[in-house]
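Below: one structure, written as structure tokens.
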Amino acid sequence: MSVQTKYRFGRSAFRTFEQGLEKEWLLTNGIGGFANSTIIGASSRVFSSYLIASLHPPVDRMLIWAKTHEEVVINDTEYDLAAQQYPGQLREGQKFLNEFTLDIIPTYTYQVNDLIIHKSIVMEYGKNASSVCYEVKGGATQAELRVIPLFHCRPFNTTAESKKDLEFQIELNQKKEKGGLLILQSPKYPELTIEFFASTGTFYDRSNKKTSMATPNYLLDENEVFFKDQVTGFTGVDHMATPYEIHVMIPPEETVKFYVSCSVLSKEGQKKSFEIHASSVDGFQAAKKYQKRILALMDQIPYKDRLAKRLAWAADAFLVDRESTGLKTILAGFPWFCDWGRDTMIALSGLTMATGRLQEARSVLESFSKYVKDGMIPNVFPNNASEEPGYNTIDASLWYFYAVDQYLKHDTTSQGKEFIKNKIYPCLKEIITYYQKGTAYGIHMDEDGLIEGGSDLDQLTWMDVRVGDVVVTPRHGKPVEINALWYNALKVMENLSKYMEEDQKVQKKSEIYSELAKRVKKSFRKKFWNSKEECLYDVITVLEEGSKKGKKKEKREVPDDTIRPNQIYAISLPYTMLPIEKEKKVVQKVYEQLYTPYGIRSLSPKNPEYKDEYTGKLLKRDMAYHMGTAWAYLSGAFITAYCKVGGYTKEVLEHATKMCEYFEEHMEDGCLNGIAEIFDGDFSCTGRGCYTQAWSVGEILRVYIEEILPRV
């Protein structure tokens, strides 16, 4: 791997234990499973693990193998390399850590006296299996390395309800030539079988260790504290099972290489291709294969540019299999989100088309086509495969048109057009029909041609937080970005219908869409322009007022002059409605009041309701989520709009490049090689929310690779 794209951190990055928790790494397996930890090896979240398995891709995720702790014994002296926080206690094994590198796979380099230990973690792509590879360079004295695997079997977003949940049924098959296979079954999940394999070494039963009131329970690693979760209000702890450890002798001046692997099998899915016996996985070969695959994806980028390569690498984490369709989908963010319709369609262009992955783009588009219902695509898929997706969104279906249009700009082949015509175009027609006549949540086209929807407790746009009966950002009526998307969708259909409609009757379909688009454009210009602030209203609220008996209720429209970022889509989308002079004013307004280097604020700081940070317990964070918090993904649309109104001049492109490069600095913090979901409104610096988000990565990738690099 190129030194340019590799991440490396020495001891200055973890001078203190707390500082070492700030940077994390992520591995993914393409089916929803993942592994993640900190650069000092301490678990900082309930999600921290070497193996989170997805039993029904990409959902039903279970934490199986938390991590390994290592101990070194030299001349009867024990050295603890484990790093972990417990109530009132720290294990600070990072003090033996020389450096951490992320060269696609994470590697820790420890030194005890003159003994050097390289420890790398890797996942098998397409399989619920992980490995830890060790390369140990012996010193002048014989040493023993002890590897203690920590096991669990729980949903990935919870902690153990009881220590009894960790009383595994265990079977050990020790090899005569060293190494062996450990089989574990959880009493709570008897249908799952965990297999742990060691390529060398001797398995030692930790129940044989002598205990007393002053010594720990060696069969459990009790009361692990998750620092990152504590910051957001979680006060619990978790426990891990540690039934065995593996002892490996390190002769003087010799190099010993070995690996341990773990996988999970289920009775229901024995025939699934993504399941594998751990004993069949060579960890070192798995590492080479994992790196080779990512390098190939990076090489598909036609630019020798470090940020572009890193973004292509980052993009791969979100593209996963969906078992229910047999196709691809996009996970919205790690570590907790599943696939969301809105996020998928916004991120799709950057994650797949800008990276030359058109086959995956087709697969995602087709996957969502199978869930179109009454003119709507799903808002969100639940974490449980047995639950039905939710459809409470007004914009996801409209973003579908944008994604299809982007796809056809990249795939101009006859096969690409046939795919859209046969698989996707009927869904697009259905969406238009339902949005015109009306569908769920009051979504319909009003007499003026604009789209209206939502009432009471509905939250249909991306600003969708509701706390009990409190709708934090009520945007019922006619939101600005929804109608910008509606116009864009009509123009897309105007173009598509010219060569996809076989039966052209009295009036051509394209002309019908064209006329409706003109009507929408006229209404939008008339109703959304805020002449006082010289920008666009955020939403037109439609109120029904009572009238005299026998007469219909009268409608009254009230514009919301709150300065929010949603108006930027009226400039950044491919098809827009404003004259250039007004587009420039919108961009300037957003730049002045909402821009930060790591995202666009969701509310102007001049608003008395503005929240300057996204911290604390869930209630406080929810109240700030769309009330000032900066969103990284919005930067993509803003940079596009900025370049567009600036005419893509050299000066404009230089500044746009710098706006993208700010994110590369962030990619060396938080989740390495990722872009966080959100940041504080004031001094946007520390990543908040999901530590890497699909549309954050996708939108910076799209604007950088497709709009900036080709022109500079």
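The values are calculated or read from the model by the stated rules, or taken from the named source; none is laboratory data. On a predicted model such as this, the values are computed, not experimentally measured, just so you know. Virtual Cβ from ideal backbone geometry, glycine too; neighbours counted across all protein chains shown. Note: accessible area is taken over every heavy atom of the protein model, side chains too, but ligands, DNA and RNA are not part of it. Shrake-Rupley method; radii C 1.70, N 1.55, O 1.52, S 1.80 Å.
Can you report the number of residues in the stretch 294-305 which are surrounded by 14 or more Cβ atoms within 10 Å (Cβ to Cβ) and assigned to a helix (DSSP H, G or I)? Counting residues in the stretch 294-305 that are surrounded by 14 or more Cβ atoms within 10 Å (Cβ to Cβ) and assigned to a helix (DSSP H, G or I) gives 4. For the subset of the stretch 29-64 comprising residues that are over 11 Å from SER130 (Cβ atoms) and of a type in the set (Ser, Thr, Tyr), which member is surrounded by the most Cβ atoms within 10 Å (Cβ to Cβ)? Here the answer is SER43.
In the stretch 432-455, the condition of being over 24 Å from LYS555 (Cβ atoms) and either surrounded by fewer than 20 Cβ atoms within 10 Å (Cβ to Cβ) or aliphatic (A, V, I, L, M) (or both) is met by no residue. Regarding GLY442, is this residue farther than 21 Å from ILE346 by Cβ and at pLDDT below 90? Spelling it out, it is not the case that GLY442 is farther than 21 Å from ILE346 by Cβ and at pLDDT below 90. The set of residues in the stretch 83-115 being open to solvent by less than 30 Å² (accessible area, probe 1.4 Å), touching a residue at least 24 places away in the same chain (Cβ under 8 Å), farther than 17 Å from PHE17 by Cβ and assigned to a strand (DSSP E or B) consists of THR101, LEU102, ILE105, PRO106, VAL112, LEU115. Just wondering, is there one or more residues in the stretch 180-200 that are under 30 Å from VAL256 (Cα atoms), assigned to a loop (DSSP other than H, G, I, E, B) and either among the hydroxyl-bearing types (Ser, Thr, Tyr) or touching a residue at least 24 places away in the same chain (Cβ under 8 Å) (or both)? Taking every residue of the stretch 180-200 in turn, at least one turns out to be under 30 Å from VAL256 (Cα atoms), assigned to a loop (DSSP other than H, G, I, E, B) and either among the hydroxyl-bearing types (Ser, Thr, Tyr) or touching a residue at least 24 places away in the same chain (Cβ under 8 Å) (or both). Applying a threshold of 7 Å to beta carbon distances and a minimum spacing of six or more residues, or different chains, the list of pairs starting in the stretch 227-239 at a residue that is charged (D, E, K, R) and ending at one that is in a strand (DSSP E or B) reads ASP238/GLU224. Within the stretch 470-501, the set of residues being buried (at least 21 other Cβ atoms within 10 Å of the Cβ) and of a type in the set (Lys, Arg) comprises ARG475, LYS478, LYS491. The set of residues from the stretch 641-684 being modelled with pLDDT of 95 or more, more than 16 Å from the chain's Cα centre (by Cα) and of a type in the set (S, T, N, Q) comprises THR649, THR657. Would the stretch 237-249 turn up any residue that is farther than 13 Å from ILE148 by Cα, not aliphatic (A, V, I, L, M) and not in a strand (DSSP E or B)? No: zero hits.
Every listed requirement among (1) crowded, with 16+ Cβ neighbours inside 10 Å; (2) without any contact (Cβ under 8 Å) to a residue 40 or more places away in the chain is met by ASN422 save one, (1). Scanning the stretch 605-661 for residues that are open to solvent by 60 Å² or more (accessible area, probe 1.4 Å) and on the phi > 0 side of the Ramachandran plot gives a single hit, TYR648.
Considering VAL72, VAL59, VAL46, the condition of being in contact with a Cys (Cβ under 7 Å, 6 or more places away or on another chain) and aliphatic (A, V, I, L, M) is satisfied by VAL59 alone.
For the stretch 379-408, the candidate set comprises residues that are without any contact (Cβ under 8 Å) to a residue 40 or more places away in the chain and either open to solvent by 50 Å² or more (accessible area, probe 1.4 Å) or of a type in the set (S, T, N, Q) (or both); within that set, the residue that is farthest from LEU485 (Cα to Cα) is SER386. Identify the single condition in (1) touching a His at 6+ places or on another chain (Cβ under 9 Å); (2) open to solvent by 10 Å² or more (accessible area, probe 1.4 Å); (3) under 24 Å from SER199 (Cα atoms) that PRO149 does not satisfy, given that it satisfies every other one. PRO149 satisfies all of (1) touching a His at 6+ places or on another chain (Cβ under 9 Å); (2) open to solvent by 10 Å² or more (accessible area, probe 1.4 Å); (3) under 24 Å from SER199 (Cα atoms) except (2). When the stretch 456-466 is filtered for residues that are open to solvent by 30 Å² or more (accessible area, probe 1.4 Å) and either of a type outside the set (D, E, K, R) or in contact with a Leu (Cβ under 7 Å, 6 or more places away or on another chain) (or both), the ones remaining, listed by number, are LEU457, ARG466.
Are any residues in the stretch 502-521 open to solvent by 30 Å² or more (accessible area, probe 1.4 Å), closer than 25 Å to LEU450 by Cα and at pLDDT below 95, and if so, which ones? Once the filter is applied, which keeps residues that are open to solvent by 30 Å² or more (accessible area, probe 1.4 Å), closer than 25 Å to LEU450 by Cα and at pLDDT below 95, the stretch 502-521 yields GLN507, LYS508, LYS509, GLU511, ILE512. Which of (1) open to solvent by 60 Å² or more (accessible area, probe 1.4 Å); (2) touching a residue at least 24 places away in the same chain (Cβ under 8 Å) is the odd one out, the single condition TYR218 does not satisfy? The failed condition is (1).
The rows are residues; the columns are (1) surrounded by 23 or more Cβ atoms within 10 Å (Cβ to Cβ); (2) over 30 Å from THR686 (Cα atoms).
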| site | (1), (2) |
| --- | --- |
| VAL539 | yes, yes |
| LEU543 | no, yes |
| GLU554 | no, yes |
| VAL558 | no, yes |
| THR562 | no, no |
| ASN566 | yes, no |
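Can you find even one residue in the stretch 124-135 that is buried (at least 18 other Cβ atoms within 10 Å of the Cβ), out of contact with any helix residue (DSSP H, G or I) (no Cβ under 9 Å at 6 or more places or on another chain) and hydrophobic (A, V, I, L, M, F, W, C)? Scanning the stretch 124-135 turns up no residue that is buried (at least 18 other Cβ atoms within 10 Å of the Cβ), out of contact with any helix residue (DSSP H, G or I) (no Cβ under 9 Å at 6 or more places or on another chain) and hydrophobic (A, V, I, L, M, F, W, C).
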